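Values quoted throughout were computed directly from the atomic coordinates according to the rules given, and no laboratory measurement underlies them. What you are looking at is a predicted structure, and each value in this text was computed from that prediction instead of being measured. For neighbour counting, all protein chains shown are included, and Cβ atoms are generated from backbone atoms with ideal geometry for every residue, glycine included.
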Amino acid sequence: MAIVVRRFRQWWQIPRNIRDRPQHRQVTFLELFYDLVYVVLISELTHALAQHVDLEHVANFAFLFMIVWWAWLNGTTYHELHGNNDIRTRVFTFLQMFCVAAMAIFAHDALGETSTGFAIAFAAFQLILIFLWWRTGVHDPNHRALSRPYSATFLINTLLFAGSVFVEPPLRFGMWALATLIAILLPVYTFSLGRNNPAIQTQIDLSLTATPSFIERMGLFTIIVLGEVIVGVVQGVAGHHDLDGEVIVIGGLGMLLAIGLWWVYFDYVSHRKPRAGTRWMSIWMYAHLPVTAGIASIGAAILNVIEQAGEQLPVDVRWLLVCAIAVTLVGIAGLIETIDAPTVDRRTQRIGALAMVLAAAMIAAMGFSNLQTIPLLVVIALLLLAPVFLGLLSWLRSLEAPMGETGPATDEMRSP
């Protein structure tokens, strides 16, 4: 019997103690599999926006994306802090995936006819995470002071979503908004617990350490939303039965926008740690929300741009495209400010951030222009790539300077 229990404990382990969190580990295939289901969910949200490009549906998209992003961050953070390579971790990860898949089924009209199904699926997802976070305190008394208020607050969040199915809109969505606000503000409350309690502060500091694997997960989620831009290009071009030169050129420019977005984020932000401290770590995490939402919105916009090839670009589509790119660039510029860059890179980073803000302002101003589609996309692409060229120029100049003045280039900037 003792052997059976011991074997079972090897397969079904307790949550990993936060103090045993490895500082260097490889992202697992289970985590990549988990992210795949979010590809489908975000695709549903993006396609819904692409079908109705107006201010109301943009606001709906932003609201739902916030819910989805928080769900992904909550699940990802738990696995990063407490996940193991055992059957228990796999089972609860798969259960989360079932719930996210259910959310994807109802996501297309989540603020309409399928809102009940979306609320139930999200509440079920939250219940799984509440149980998992609560169990960390059960097995680790030192972590209990942090896990209990965290789980209790999320229980309120979950009850609001579950209870919303018994009321009619717009009260239902008001309850969703309140629950989402509670979730977003939860870290602020959590951090306050450690001000007068060194033991809790220790747990907070352990939780908010950005390991390379967690930074990589953020980059992988950015890749997911970048995929929506590629999907928008492909679906837009494939939707034209008679491909002509204009459609092909617009599709190529759409691909160039995707490449520019990838280049800007992964050259300036990816694989770089945020500055030390809970404040910088929090800003770094939250800044990814507008960046990823903006990129996903670009996918919806570019699909409409290609579909309108040969016609006058609708005003709503033009504004969605330029505003989404502007929000993305400003968000990346904000992320740059949170990065703990070495002295040799700091000047390059700041030049790039300033270029992004200026490019964002000029791209947003293009919403007032009457340029045709191709010239508009050419101007946007040039402005989007300007920070890349400036960063490369600054980096090349640093290589020409004496080694004692600037030091060697970082590994990231060696392969721009």
Problem set entry | Calculated log₁₀ intensity ratio I(q)/I(0) where the Debye formula runs over C-alpha points of the stretch 28-207, q = 0.14, 0.18 Å⁻¹ | -0.79, -1.19
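Peptides 170-178, 379-387: what's the order by average Cβ count within 10 Å, highest mean first?
379-387, 170-178
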Problem set entry | Positive-pole candidate from Val234, Pro187, Ser147, dipole of the chain, charges at beta carbon | Ser147
Exercise. Which whole-number percentage describes the relative contact order of the stretch 212-396, with Cα contacts under 8 Å and a sequence gap of 6 or more?
Worked result: 28 percent
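Listed highest first by mean packing, meaning other Cβ atoms within 10 Å per residue, what order do 141-149, 263-271 come in?
On the way: 141-149: 17.9, 263-271: 20.8.
Peptide ranking by packing, descending: 263-271, 141-149.
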Exercise. What helices in the chain pass both tests, a Cα length along the helix axis of 30 Å or more and a mean Kyte hydropathy of 1.0 or higher, using whole DSSP H runs?
Worked result: 29-51, 115-139, 171-192, 212-238, 245-268, 315-338, 373-400
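What number, in percent, do you get for the relative contact order of the stretch 1-110 if the mean sequence gap of Cα pairs under 8 Å and at least 6 apart is divided by its residue count?
Values: 64 pairs, mean separation 56.5, N = 110.
So the answer I get is 51 percent.
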Exercise. Taking the structure as given and computing semi-axes √(5λ) of the Cα gyration tensor in Å, which label from (1) 37, 29, 19; (2) 39, 23, 21; (3) 44, 26, 22 fits?
Worked result: (1)
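Rank the residues Tyr38, Tyr78 as a footprinting-exposure proxy: fewest other Cβ atoms within 10 Å of their Cβ go first. Please list the in-between numbers first.
Working: Tyr38 24, Tyr78 20.
Result, fewest neighbours first: Tyr78, Tyr38.
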Problem set entry | Among Leu132, Leu185, Leu313, residue whose mean-square fluctuation peaks in a GNM of the chain (springs only between Cα atoms under 10 Å) | Leu185
Seminar exercise, completed: Listed by chain and number, the residues whose amide H is under 5 Å from that of Lys273, excluding neighbours fewer than 5 places away on the same chain and using placed H, are Asp340
Problem set entry | Positive-pole candidate from Phe61, Met218, Ala353, dipole of the chain, charges at beta carbon | Met218
Problem set entry | Rg and Dmax [Cα atoms of the stretch 115-261; Å; Rg one decimal, Dmax integer] | 21.9, 68
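Using unit Cβ charges (K, R positive; D, E negative) and no other charged atoms, how large, in debye to the nearest 20, is the dipole of the chain about its Cα centre? Each step should come with its number before you reach the end.
Values: 25 positive and 29 negative charges, 444 e Å.
It comes to approximately 2140 debye.
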Seminar exercise, completed: Note: the stretch 212-396, point scatterers on Cα, Debye, no solvent; log10 I/I(0) at q = 0.09, 0.15, 0.19 Å⁻¹ equals -0.32, -0.82, -1.21
Exercise. Between Phe106, Phe122, Phe29, which gets the highest mean-square fluctuation from a Gaussian network model of the chain, Cα cutoff 10 Å?
Worked result: Phe29
For this session: Run through all the Cα pairs of the stretch 33-82 and give the fraction in each 5 Å bin from 0, expressed as whole percent.
Result: 4, 19, 26, 20, 14, 8, 5, 2, 0
